[in-house]
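To start, the structure under review is shown below, and the notes come after it.
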Amino acid sequence: MTVLGIIGLGMAYGLTLAAVFWFGILTIIGGVGQLFDAVHHKGWRGILWHVIIGIVYIIAGIMLVTMPVASAFWLTLFLAIMLIVVGVSRIIMSFQMRSLGGIWLGVLISGIISIVLGILIYGTVTPPTPEALATPEGQLEWMRSWGWVIGLFVAIELIMEGLALVTVAFAVKGANESNTPAGGTPAAA
């Protein structure tokens, strides 16, 4: 996973489109699951809302799959807004945690970083002009201005997950070696 994440850093635009595509596929699967679940619970009073949610998921998934660039644009914009809102929430929470000692400072810094990241991402996401969408070259240039964001986040997540798995593997190996007596079989816990 770490190697895939490093490779993904070099192809962030393609990784963005792949992530949006697969997110769309998973959304469609989730919508179909909602519909099957609604059929399974025929006597349930909330069945209408269950069906509506399933249909919305399927429509959203189809849009993600069939319009990956436009979907990536809106998801990137949503990501920026979400980071800003989460950052403000963390800052408010940090001031409520001042009685806990130095912990509040870490939460405050985390909130500030989230806001800064959200503002930076929001600054890169620009709506397309009709001229930019008129030609394939213009569309590509427009996507290059912001299309790396989701791919970068996915690549970093792959790297972090890979490093976490390697760390856990070494920890388990170290624990097994320390529990193995000279005879070669693990000691009973």
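The values are calculated or read from the model by the stated rules, or taken from the named source; none is laboratory data. Here the structure is a predicted model, which means the values were calculated and not measured. Cβ coordinates were reconstructed from backbone atoms using ideal geometry, including for glycine residues, and neighbour counts include every protein chain displayed.
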Task: Residue pairs meeting the criteria (Cβ under 6 Å; at least 6 apart or on separate chains; first under 15 Å from I81 (Cβ atoms), in the stretch 120-133; second of a type in the set (A, V, I, L, M)) - done: I121/A80; I121/V149; Y122/A80; V125/L77
Open item on the list: Which count do you get for residues in the stretch 15-31 that are surrounded by fewer than 16 Cβ atoms within 10 Å (Cβ to Cβ) and out of contact with any helix residue (DSSP H, G or I) (no Cβ under 7 Å at 6 or more places or on another chain)?
Closed with: 3
- [ ] Return the residue satisfying two criteria in turn: it lies in the stretch 77-105 and is polar (S, T, N, Q) and in contact with a Gly (Cβ under 8 Å, 6 or more places away or on another chain), and of such residues it is modelled with the lowest pLDDT.
- [x] S94
Task: Residue ranges of helices (runs of 4 or more DSSP H) in the stretch 106-189 with at least 2 members modelled with pLDDT of 85 or more and more than 18 Å from Y13 (Cα to Cα) - done: 148-178
